[in-house]
Amino acid sequence: MENIRVAENIMAEYAERTGLTSPAQPPRRYLWTDAFAVCNYLELHRQTNVKDHLETALRLVDQVHGILGRHSDKDLRTGWISGLTEHEGIKHPTRGGLRIGKKENERKVDEHFDERLEWDRDGQYFHYLTKWMQALACTACVTGQSRYLQWALELAQVACNAFIYTPLTGPPRRMYWKMSIDLSRPLVLSMGQHDPLDGWITCMQLQATTNRFQDIPKQYWLDAEVAEFRFLCEGKQWATDDALGIGGLLTDAFRLAHLVVATNLIESVRLASLLKDAEVGLDAFMRDDVLNHPATYRLAFRELGLAIGIHAINETQKIIDQHRNRFSNAQELLARLTSLNKFHRLAKIIERFWLEPGHQQSSTWTEHFDINSVMLATSLIPSGYLSRLEPQPSTPQK
């Protein structure tokens, strides 16, 4: 209950200072942070049955679409970034993707690329879009309203089409790291290490969730996108010593394990590979001794991403242990998860460190206040983000 109370306070303050619940504050939206925030509000609603939390989640979804689905006030362009009319844009708010929400406008076509400045410039990130797809799918499952899932599916289709390309030389298919606001041109050519994996698992999750909603038109099914991302994943290695990346691998392992059970997916070998890569990354992370550094030399949101992933280890273990017959290598998987359990204490260590008021005075916390605080709340109540995307049976579907 203490974690719920702390998370409620964090999310109430976030809603007020970013203009979600306070009319006095101009709305300030950022896609990654808001995706985690939606999952947090939905989880708080589930655990407390307080209706305000659900209403805040739905208000946040509408605000993100109304702000990040349109050109910013700093842009000469106006309207929906998809180019749709006002009426059609409201019906299909994700059809043009969603802006990141950076303070500076995107780099102009004839403007010189500056790596440092690019971090502050707007555009679209694929891994931000997948987080929003998940938030929308969770919203659909909690409310029973299929339009949220349809918006997630439309976003998946447009993202796959925009970010995946065929290079002139080298591998047959690759992904761009960052695209322009209107998805007409790449802004950063390199490929995110885990973007193909993220896309594959997210699309499979959306597809599995679609099967539970009878009114989703077949035109939104993601068979082609799943196949595309699966091809991109072939032969890839996922090990990284980045805390946020390791957390993402552990979360992906949890999602993949659930898909094996829910859809009879035959991916036990790949799941074992993911867990192995996550452990290699955790061993490297621990050797760097990052958690003994002062707060000013640490990035909270990256560490909290790791903590969220560590919370997923036990959940993955439960899935496999309860459904051993679905996994051809169940004993190997459980052995790997048992080995990963030695890192379980890291989640509490990270949470306690960043809950300390003194550590929240550091520049690395205050400069990323919104994303740090929301991801701290997610780590305290991780079940919302680590959702299996199953609609609540008591809620009518519309």
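Each row is one residue, and each column tells you yes or no for (1) in the same structural domain as residue 35 (by TED's automatic domain parsing); (2) surrounded by 16 or more Cβ atoms within 10 Å (Cβ to Cβ); (3) outside any loop (DSSP other than H, G, I, E, B).
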residue: 283; (1), (2), (3): no, no, yes
residue: 286; (1), (2), (3): no, no, yes
residue: 307; (1), (2), (3): no, yes, yes
residue: 333; (1), (2), (3): no, yes, yes
residue: 350; (1), (2), (3): no, yes, yes
residue: 383; (1), (2), (3): no, no, no
residue: 386; (1), (2), (3): no, yes, no
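Table: residues versus (1) of a type in the set (Phe, Trp, Tyr); (2) closer than 19 Å to residue 201 by Cβ; (3) touching a Leu at 6+ places or on another chain (Cβ under 6 Å); (4) modelled with pLDDT of 95 or more.
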| residue | (1), (2), (3), (4) |
| --- | --- |
| 74 | no, no, no, no |
| 79 | no, no, no, yes |
| 97 | no, no, yes, yes |
| 101 | no, no, yes, yes |
| 123 | no, no, yes, yes |
| 126 | yes, yes, no, yes |
| 137 | no, yes, yes, yes |
| 178 | no, no, yes, yes |
- Item | Pairs where the first residue, in segment 222-244, is within 13 Å of residue 201 (Cβ to Cβ) and the second is exposed (fewer than 12 other Cβ atoms within 10 Å of the Cβ), C-beta under 9 Å, 6+ apart | 232/171
- Message: Kindly evaluate residue 324 against the criterion of being crowded, with 21+ Cβ neighbours inside 10 Å, modelled with pLDDT of 95 or more and more than 26 Å from residue 39 (Cα to Cα).
- Response: no
- Tally of residues being hydroxyl-bearing (Ser, Thr, Tyr) and surrounded by fewer than 12 Cβ atoms within 10 Å (Cβ to Cβ) across segment 335-348: 1
- Message: Being under 15 Å from residue 213 (Cα atoms), of a type in the set (A, V, I, L, M, F, W, C) and crowded, with 21+ Cβ neighbours inside 10 Å narrows it down to one residue among 159, 135, 140; which is it?
- Response: 140
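Residues of segment 69-114 being part of a helix (DSSP H, G or I) and out of contact with any strand residue (DSSP E or B) (no Cβ under 9 Å at 6 or more places or on another chain), which ones? Show your work before the answer.
Here is the first cut: in segment 69-114, the residues part of a helix (DSSP H, G or I) are 86-91.
Of everything in segment 69-114, those that are part of a helix (DSSP H, G or I) and out of contact with any strand residue (DSSP E or B) (no Cβ under 9 Å at 6 or more places or on another chain) turn out to be 87, 91.
Here's a check for you: in segment 141-165, which residue that is in a helix (DSSP H, G or I) and not hydrophobic (A, V, I, L, M, F, W, C) is nearest to residue 43 (Cα to Cα)?
In this case the residue turns out to be 143.
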- Message: Which count do you get for residues in segment 171-208 that are in contact with an Asp or Glu (Cβ under 8 Å, 6 or more places away or on another chain), β-branched (Val, Ile, Thr) and surrounded by 21 or more Cβ atoms within 10 Å (Cβ to Cβ)?
- Response: 2
- For segment 187-230, enumerate the residues that are within 25 Å of residue 281 (Cβ to Cβ), among the β-branched types (Val, Ile, Thr) and either modelled with pLDDT under 95 or outside any strand (DSSP E or B) (or both). 201, 202
- Task: Starting from segment 181-206, take each residue that is among the basic types (Lys, Arg) and list its partners that are at pLDDT 95 or above and not in a loop (DSSP other than H, G, I, E, B), counting only C-beta distances under 9 angstrom and pairs at least six apart or across chains.
- Result: 185/179
- Only residues that are out of contact with any helix residue (DSSP H, G or I) (no Cβ under 6 Å at 6 or more places or on another chain) and over 24 Å from residue 144 (Cα atoms): list them for segment 26-46, please. 26, 28, 30
- Message: Out of 232, 259, 291, 222, I need the residue that is under 22 Å from the mean Cα position of the chain (by Cα) and within 27 Å of residue 314 (Cα to Cα). Which one?
- Response: 259
- Restricting attention to segment 209-216, does a residue exist that is within 18 Å of the chain's Cα centre (by Cα), of a type outside the set (A, V, I, L, M, F, W, C) and under 21 Å from residue 64 (Cα atoms)? no
- Item | Positions within segment 362-381 being touching a residue at least 40 places away in the same chain (Cβ under 8 Å) and either aliphatic (A, V, I, L, M) or exposed (fewer than 15 other Cβ atoms within 10 Å of the Cβ) (or both), in sequence order | 363, 371, 374, 375, 376, 377, 380, 381
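Matching residues to (1) surrounded by fewer than 22 Cβ atoms within 10 Å (Cβ to Cβ); (2) in contact (Cβ under 8 Å) with a residue 40 or more places away in the chain:
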residue	(1), (2)
88	yes, no
94	no, yes
101	yes, yes
106	no, yes
129	no, yes
144	yes, yes
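The values are calculated or read from the model by the stated rules, or taken from the named source; none is laboratory data. What you are looking at is a predicted structure, and each value in this text was computed from that prediction instead of being measured. In this analysis, Cβ positions are derived from the backbone assuming ideal geometry, glycine residues included, and neighbour counts consider all displayed protein chains.
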